[in-house]
Every structure is written in C-alpha cells, then in structure tokens.
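Here the structure is laid out as structure tokens; the discussion comes afterwards.
The values are calculated or read from the model by the stated rules, or taken from the named source; none is laboratory data. Quantities reported herein were computed from a predicted structural model and do not represent experimental measurements. So basically every Cβ, Gly included, is an ideal-geometry build from the backbone, and we count neighbours across all protein chains shown.
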Amino acid sequence: MSDHDDDELADVDVGYRTRGRPRLPPELRRREKLVISLTADELAKLMMTAAKQKPRPLSPNEWARQELLRLAAADDSGDPEAK
C-alpha cells in the first residue's frame, strides 16, 4: 500500500495535456478513416508523388486525402471526364 491518500494525489498536475498532439478544432475532431491496401510499388509511387508537391512536399496521407477529395468534388460537379 502507498503512504499517500488517493484524494491527496488527485490535485497533482502531471501535465498530460501539455505534451503530444495538439487539440483539434471542433470541426475536425470527428473523422472517419479510410483504410486501403497498396503494394510496395504503389506505395513507393504515392510517396514519390506526394514528396514532389509544390509549394511544399506533402505526406502520402495528406496527398492521398487531397486527391480523393478533389476527385469526389469533380464527380459531384457533373464533369464527364471525372468518371
């Protein structure tokens, strides 16, 4: 058993909220995940394409998200080439 009472320890600030990931804005807190499988060659191609983005390189996830949303928007606009 501990020499300390649990009530006594409850007021200790351990700084859990000051480390790690920053809090997301409320509109971004709930996101769904899309999980896909890629071959090693497909992943390498995706990583190279994402790294070549201007004005700054993107992570593969950022680039893929941006492209999927762009394609979805083009599909919604009635663009026949998007299909």
Item to complete: Tell me which of these residue 33 doesn't satisfy, since it passes every other one: (1) part of a loop (DSSP other than H, G, I, E, B); (2) within 18 Å of the chain's Cα centre (by Cα); (3) modelled with pLDDT of 90 or more; (4) of a type in the set (D, E, K, R).
Response: (3)
Practice prompt. Can you tell me which residue among 44, 73 is closer than 24 Å to residue 31 by Cβ, at pLDDT 90 or above and either hydrophobic (A, V, I, L, M, F, W, C) or surrounded by 10 or more Cβ atoms within 10 Å (Cβ to Cβ) (or both)?
Written response: 73
Worksheet item: Looking at (1) in a loop (DSSP other than H, G, I, E, B); (2) modelled with pLDDT under 70, which is the one condition that is false for residue 17?
Response: (1)
